[in-house]
Amino acid sequence: MKRVMLAATLLAAALGATTAHAEKIVFAIGGSPNSLQGQTAQYFADSLQARLGDEHQVEYYHSGQLGDERQLIQKLRLGTVDLAAISSVMSSVSPSFALFDMPFMVKDREHLKRIDDAIVMTDLAEDAKSKGLKLVSTWENGFRQITNNEHPIVAPEDLDGLKLRTPQSEWRTGMFNAWGANPTPMAFSEVFVALQTGVVDGQENPLSNIDGAKFQEVQKYLSLSNHVYSPIWLTSSQAGWNKMPEGVKAAIAEVSAETQSWAFAKGAELDDKLLASLKAGGMAVNEVDRDAFVTASAPVYQAFSDKVDGGQALVDRAMALAKE
């Protein structure tokens, strides 16, 4: 018996030593685990762990456990986080990322793939690199919709005075200002309570985030606007990326590319499924007057052209890719 216990103790110690000496890769997101962002991140973390094996330990944190996206960018730069999924806040790193805050610009996922190849992984990736960040891959948050507790949103005037949570992006707040709302930036992890307590009247997010965070429990109206297609970028610091072993970088690049295909397919699958789920959850659903919103969006495009170097050229190139 003593021999068995000694053997078990030695085995446990050996396993503990293996775990202790495994190289950690810390990966974090701000979104909830049930959102498309969270499901995609879990798929990536599991796939990367399988690819790397026992020599590396992928530590995955969701729901802002390591901070909101602004804080995660700081932690990437400090080296306390190795990989993070960053969405609309990227426009605070480089204004060129506000291309994806331009309303009604992305036609569909095939259009997005062309923009990703021709603009994101060239121009925008270079802009991120100049700010010390490495874009590894583009994933999906999805097409964004508007929810609120006051009334259906059909035209921009229906947003007048509405306190609407937006991501911490000056461009998203500018868009909703142009449409007459009272935008209130805050971290995603704070939104449910803010809606529940009436700090804000509504918010805007893809269906997967709305359902994943259970906003249907605290929101009455869902207005299908598709006003912005919101990517999310798997990101590292440039310094951190350069320090990674070549084998690890290759594994991350390969797995993140596989994850992109999985995310786009999953996003398309969820669109219809989640809409039915949210209706069943009691939300009143309506379509918006797209033409009225497009007309009201002219100042947003003008501001992008005026404030961002080469902004008009980026918009023209992105829109031309819709016609291919």
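The values are calculated or read from the model by the stated rules, or taken from the named source; none is laboratory data. This structure is a prediction, so every number in the text was calculated from the model and none was measured. Cβ placement follows ideal geometry from the backbone for every residue including glycine, while neighbour counts extend to all protein chains displayed. Note: areas computed on protein heavy atoms with side chains; ligands, DNA, RNA excluded. Shrake-Rupley method; radii C 1.70, N 1.55, O 1.52, S 1.80 Å.
Selection of first residues in the range 179-205 that are within 17 Å of His227 (Cβ to Cβ) and in contact (Cβ under 8 Å) with a residue 24 or more places away in the chain and of second residues that are open to solvent by 40 Å² or more (accessible area, probe 1.4 Å) and in a helix (DSSP H, G or I), restricted to Cβ pairs under 7 Å at least 6 apart or on distinct chains, gives the following pairs, ordered by first then second residue: Gly180/Glu157.
Within the range 23-75, track down each residue that is hydroxyl-bearing (Ser, Thr, Tyr) and at pLDDT 95 or above. Show your work before the answer.
Taking the range 23-75 as the starting set, the residues that turn out to be hydroxyl-bearing (Ser, Thr, Tyr) are 32, 35, 40, 43, 47, 60-61, 63.
Listed by number, the residues that qualify are Thr40, Tyr43, Ser47, Tyr60, Tyr61.
Of the residues making up the range 237-263, those that are of a type in the set (S, T, N, Q) and either open to solvent by 30 Å² or more (accessible area, probe 1.4 Å) or modelled with pLDDT under 95 (or both) are Gln238, Asn242, Gln260, Ser261. Whenever a residue of the range 289-316 is of a type in the set (Ser, Thr, Tyr), its partners that are open to solvent by 50 Å² or more (accessible area, probe 1.4 Å), lying with C-beta atoms within less than 8 angstrom and at least six residues away or across chains, give the pairs Ser305/Gln312. Checking every residue in the range 172-188 against the condition of being at pLDDT 95 or above, assigned to a helix (DSSP H, G or I) and over 23 Å from Gln302 (Cα atoms) gives zero matches. Among the residues of the range 115-133, the one identified as open to solvent by less than 60 Å² (accessible area, probe 1.4 Å), of a type in the set (D, E, K, R) and touching a helix residue (DSSP H, G or I) at 6+ places or on another chain (Cβ under 6 Å) is Asp127. Checked against (1) modelled with pLDDT of 95 or more; (2) open to solvent by 10 Å² or more (accessible area, probe 1.4 Å), Glu204 meets all criteria but (2).
Yes/no per residue for (1) among the β-branched types (Val, Ile, Thr); (2) open to solvent by 10 Å² or more (accessible area, probe 1.4 Å); (3) at pLDDT 95 or above:
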{"residue": "Thr197", "(1), (2), (3)": "yes, yes, yes"}
{"residue": "Phe215", "(1), (2), (3)": "no, no, yes"}
{"residue": "Val218", "(1), (2), (3)": "yes, yes, yes"}
{"residue": "Tyr221", "(1), (2), (3)": "no, yes, yes"}
{"residue": "His227", "(1), (2), (3)": "no, no, yes"}
{"residue": "Ser230", "(1), (2), (3)": "no, no, no"}
{"residue": "Thr235", "(1), (2), (3)": "yes, no, yes"}
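State yes or no: is Gln203 under 19 Å from the mean Cα position of the chain (by Cα) and assigned to a strand (DSSP E or B)?
Yes; evaluated as a whole, the condition is true for this residue.
Exactly one residue among Thr235, Thr259 is part of a helix (DSSP H, G or I) and among the polar types (S, T, N, Q), and that residue is Thr259. The combined condition, being under 16 Å from the mean Cα position of the chain (by Cα), of a type outside the set (D, E, K, R) and open to solvent by less than 40 Å² (accessible area, probe 1.4 Å), is fulfilled by Ile73.
Among the residues of the range 76-99, those identified as open to solvent by less than 20 Å² (accessible area, probe 1.4 Å), closer than 20 Å to Ala239 by Cβ, in contact (Cβ under 8 Å) with a residue 60 or more places away in the chain and over 13 Å from the mean Cα position of the chain (by Cα) are Leu76, Leu83.
Residues are listed down the side, and each one gets a yes or a no for (1) open to solvent by less than 50 Å² (accessible area, probe 1.4 Å); (2) farther than 17 Å from Ala155 by Cα; (3) not acidic (Asp, Glu):
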position: Ala280; (1), (2), (3): no, yes, yes
position: Val294; (1), (2), (3): no, no, yes
position: Pro299; (1), (2), (3): no, no, yes
position: Val308; (1), (2), (3): yes, yes, yes
position: Val315; (1), (2), (3): yes, yes, yes
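Close Cβ contacts (under 7 Å, 6 or more residues apart or on different chains) running from residues in the range 238-255 that are assigned to a helix (DSSP H, G or I) to residues that are of a type in the set (S, T, N, Q) comprise Val255/Ser47.
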